[in-house]
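A quick write-up on the structure given underneath.
The values are calculated or read from the model by the stated rules, or taken from the named source; none is laboratory data. None of the values given here were measured: they were computed from a predicted structure. Here the Cβ positions follow ideal geometry from the backbone for every residue, glycine too, while neighbour counts run over all protein chains shown.
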Amino acid sequence: MHCLLCCGLSLTLNFILLFRETWLGKNNVWKVAQSSLYGRAVPEKAIDGNRASKWRQGSCACTRKDLKPWWRVDLLKTHKVNYVTITNRKDCCPQRINGAEIHIGDSLSDNGNKNPRCAVVSTISAGGTQTFKCNGMRGRYVNIVIPGKRQYLTLCEVEVYGEPARDIVPTVLL
Ligand SMILES: [Ca+2]
């Protein structure tokens, strides 16, 4: 177990260097939520800094088999999001993630699932980590949702890379 944890941290550090981006993963600060809870697979497990992707390793978040299951992280203020990575489960059912969408924005309408869409997941290999480019999309909330069907949403790790959005100074028109 300890080796897997070390490898996970090493991968994360490499990722930061590779993309020259700031990893926003202050997992002791971010607030997370999901549509329901399967067993002990709380939403925090998707931001615990560990990409371990076998269920027994206890590092995956998972919902029940909901209609339109979702997971959400609250970055506490608006950010420009450049990349989002998702690590899929390894030991079972990697196809469950197919069709998941990443949404980013400041609204909590429909639990944040109506915010603008960054990407649609076609497939992620079993235990694989895939990166989605979001081109500086602005938002406080990052959602991952599987629309339109009843499914489990399992996320072994979600990483969000970007930077806090600078406040826009309103132009005063006289
Ligand atoms: Ca994890």
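Listing for the model above:
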read-out	value
Residue count, the range 74-98 (criterion: more than 14 Å from the ligand (Cβ to nearest atom) and within 18 Å of Tyr141 (Cα to Cα))	11
Qualifying residue in the range 113-125 (condition: touching a residue at least 40 places away in the same chain (Cβ under 8 Å), of a type outside the set (S, T, N, Q) and away from the ligand (no atom under 16 Å from the Cβ))	no
Residue under evaluation Thr129, criteria (1) within 16 Å of the ligand (Cβ to nearest atom); (2) of a type outside the set (A, V, I, L, M, F, W, C); (3) farther than 25 Å from Glu163 by Cβ, criterion not met	(3)
Hits in the range 152-167 (condition: of a type outside the set (Asp, Glu) and either within 16 Å of the ligand (Cβ to nearest atom) or touching a residue at least 12 places away in the same chain (Cβ under 8 Å) (or both))	Tyr152, Leu153, Thr154, Leu155, Cys156, Val158, Val160, Tyr161, Gly162, Pro164, Ala165
So Trp71, is it aromatic (Phe, Trp, Tyr) and buried (at least 22 other Cβ atoms within 10 Å of the Cβ)	yes
Residue list for the range 84-101, restricted to those being surrounded by fewer than 23 Cβ atoms within 10 Å (Cβ to Cβ) and either touching a Lys or Arg at 6+ places or on another chain (Cβ under 7 Å) or not hydrophobic (A, V, I, L, M, F, W, C) (or both)	Thr85, Arg89, Lys90, Asp91, Pro94, Gln95, Arg96, Asn98, Gly99, Glu101
Those residues of the range 36-56 which are within 14 Å of the chain's Cα centre (by Cα) and either away from the ligand (no atom under 16 Å from the Cβ) or aliphatic (A, V, I, L, M) (or both), in sequence order	Val42, Ala46, Ile47
Residue within the range 57-73 that is away from the ligand (no atom under 13 Å from the Cβ), farther than 29 Å from Asp167 by Cα and free of Cβ contacts under 8 Å to residues at least 60 places away in the same chain present	no
All positions within the range 132-151 that are more than 16 Å from the ligand (Cβ to nearest atom) and in contact with a Leu (Cβ under 9 Å, 6 or more places away or on another chain)	Gly139, Arg140, Tyr141, Val145, Ile146, Gly148, Lys149, Arg150, Gln151
Unique match (being modelled with pLDDT of 95 or more and not acidic (Asp, Glu)) among Lys77, Lys68	Lys68
